[in-house]
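Visitor: Would you mind keeping the following structure in view while I ask a few things?
The values are calculated or read from the model by the stated rules, or taken from the named source; none is laboratory data. Bear in mind that the values here come from a model prediction, so they are computed numbers and not experimental data. Methodologically, a virtual Cβ is constructed for each residue, glycine included, from the backbone with ideal geometry; neighbour enumeration extends over all protein chains shown. Ligands, DNA and RNA are excluded from the accessible area calculation, which covers all protein heavy atoms including side chains. Shrake-Rupley method; radii C 1.70, N 1.55, O 1.52, S 1.80 Å.
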Amino acid sequence: MKQFLITGGAGFIGSALVRYLINETDHRVLVVDKLSYAGNLASLASVSQNTRFAYEQVDICDRPELDRVLKHYKPDCIMHLAAESHVDRSIDGPIAFIETNIVGTYQLLEAARSYWNAMADERKKSFIFHHISTDEVFGDLHDEASFFTETTPYAPSSPYSATKASSDHLVRAWLRTYGLPVVVTNCSNNYGPCHFPEKLIPLTIINALAGKALPVYGNGQQVRDWLYVEDHARALYAVVNSGKVGENYNIGGHNERKNIEVIETICALLEELAADRKPAGLTNYRDLITYVADRPGHDQRYAIDASKIARELGWTPQETFESGLRKTVIWYLDNPNWWQAILDDRYHGERLGLSQ
Ligand code: NAD
Ligand code: DAU
């Protein structure tokens, strides 16, 4: 039984990882999260009473607090997911991204280095710092035959992806310069339960149920490679357990879809699963689809070559896009309390009219 420390464990992917660790393993889990607008303890409600679960509200930019929790919980590994994660917000205001994604990662690396240096030799050998990153660091692809591999050069496009690329470089520098044992994963677009309502898939479901416009940026032809979040959690566990120190692993779903196809598929699922919840006067959910101005610097296509993690660690996704999207739509239909609380209290969704 190991002690895991998960930064960003109250977020979308972090909470899926924590639920996986508590439900499927014997490990102890400490969540370190500052509860930004995107953090939500309700996503951890199903595991928060477990004796192997602990939570500390800590900002990763706060070095003394990081030192305190490391000293107290003595983790065997750190899985670093805390970040500002929304591209549109990074365009509106990049500073929070610089602070958390770059400075916060630096503070965490320094705290981890100091903690690791003080360890006894045996524990030192098995410690690992797992940095969770994104395929957006590679920029975008413009032809249908190319894929991001572990050796694709970095070429980030947005303030968000530039800060994630910076953090990846810091993590690798801490390995090369100080010997801190690190592993990095770069994953494609996740979707599933507890996804914050500003992202494409939950936004489309929630807006459709409210009879609001379903915004398509630009021509809707951009391609994303979608991975069900629970498949990502399994991949992260495989890497932290069996990945090689110093390596990076790409994680993807083999599910490339154009944005407009994703939105149309959600509308079709809602026709099937929620015809009775259709707002008065609306004939078809798809009538809400509305083309809007494009995202500045919008990346055209992401697609992951996930053959290395399949070959070396035996991981492949279990969900197809069809099965995962159906589960996701059903989860949002069954859990309005989760997202309604965010819309009512915590999320100021003026940007897309969510809060009206
Ligand atoms: P999220 O925005 O849903 O959650 C981020 C979490 O980090 C929140 O709980 C938030 O409170 C916490 N946090 C933010 N700033 C913090 C700080 N300074 N100190 C402590 N906690 C802080 O993000 P997500 O979608 O779950 O993404 C998690 C990680 O995975 C991020 O690093 C992201 O770059 C990466 N990633 C996301 C995707 C995706 O599709 N969502 C894909 C690949 C990689
Ligand atoms: O690729 C991994 C990345 O995926 C992660 O690193 C990010 O943290 C995560 O937010 C996600 O980034 P995207 O920008 O791809 O996700 P988002 O849901 O914001 O948008 C998905 C696509 O849909 C993108 O091409 C923009 C488009 N879009 C988005 C919204 C919110 C729309 O067309 N309309 C919308 O309303």
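Visitor: Taking the conditions exactly as written (within 16 Å of ligand 1 (Cβ to nearest atom), surrounded by fewer than 19 Cβ atoms within 10 Å (Cβ to Cβ), more than 21 Å from residue 342 (Cβ to Cβ) and not small (Gly, Ala, Ser)), does residue 232 satisfy them or not?
Guide: no
Visitor: Is there any pair with a first residue in region 14-30 that is assigned to a loop (DSSP other than H, G, I, E, B) and a second that is open to solvent by 10 Å² or more (accessible area, probe 1.4 Å) whose Cβ atoms are under 6 Å apart and which are 6 or more apart or on different chains, and what are they?
Guide: Note: pairs meeting the criteria are 26/1; 27/1; 27/2.
Visitor: Restricting the search to region 35-62, which residues are open to solvent by 40 Å² or more (accessible area, probe 1.4 Å) and within 22 Å of residue 193 (Cβ to Cβ)?
Guide: 35, 37, 41, 42, 45, 46, 48, 49, 50, 52, 55
Visitor: Output the qualifying pairs, or none if there are none: Cβ atoms under 6 angstrom, residues six or more apart or on different chains, first residue in region 40-60 and closer than 18 Å to residue 84 by Cα, second residue assigned to a strand (DSSP E or B).
Guide: 58/32; 60/7
Visitor: For residue 164, work out the one condition from (1) over 19 Å from residue 61 (Cβ atoms); (2) open to solvent by less than 30 Å² (accessible area, probe 1.4 Å); (3) within 12 Å of ligand 1 (Cβ to nearest atom) it doesn't fulfil.
Guide: (1) is the only condition that residue 164 fails.
Visitor: Related question: Restricting to region 89-133, name every residue that is within 30 Å of residue 203 (Cβ to Cβ), assigned to a helix (DSSP H, G or I), open to solvent by 10 Å² or more (accessible area, probe 1.4 Å) and not basic (Lys, Arg).
Guide: Selection gives 91, 92, 95, 96, 98, 99, 100, 102, 103.
Visitor: Just the residues that are more than 23 Å from residue 199 (Cβ to Cβ) and not hydroxyl-bearing (Ser, Thr, Tyr), please, taken from region 22-31.
Guide: Hits for region 22-31 are 22, 23, 24, 26, 27, 28, 29, 30.
Visitor: Also, quick follow-up: When you check residue 24 against the structure, is it more than 8 Å from ligand 1 (Cβ to nearest atom) and either closer than 26 Å to residue 172 by Cβ or not charged (D, E, K, R) (or both), yes or no?
Guide: No, not satisfied.
Visitor: Still on this structure: Which of the residues belonging to region 136-187 are closer than 14 Å to residue 225 by Cβ, among the acidic types (Asp, Glu) and more than 22 Å from the chain's Cα centre (by Cα)?
Guide: 144
Visitor: Further question on the same structure: For the list (1) within 16 Å of ligand 1 (Cβ to nearest atom); (2) farther than 21 Å from residue 253 by Cβ, I need the number of the one condition that residue 191 fails.
Guide: Among (1) within 16 Å of ligand 1 (Cβ to nearest atom); (2) farther than 21 Å from residue 253 by Cβ, the lone unmet condition for residue 191 is (2).
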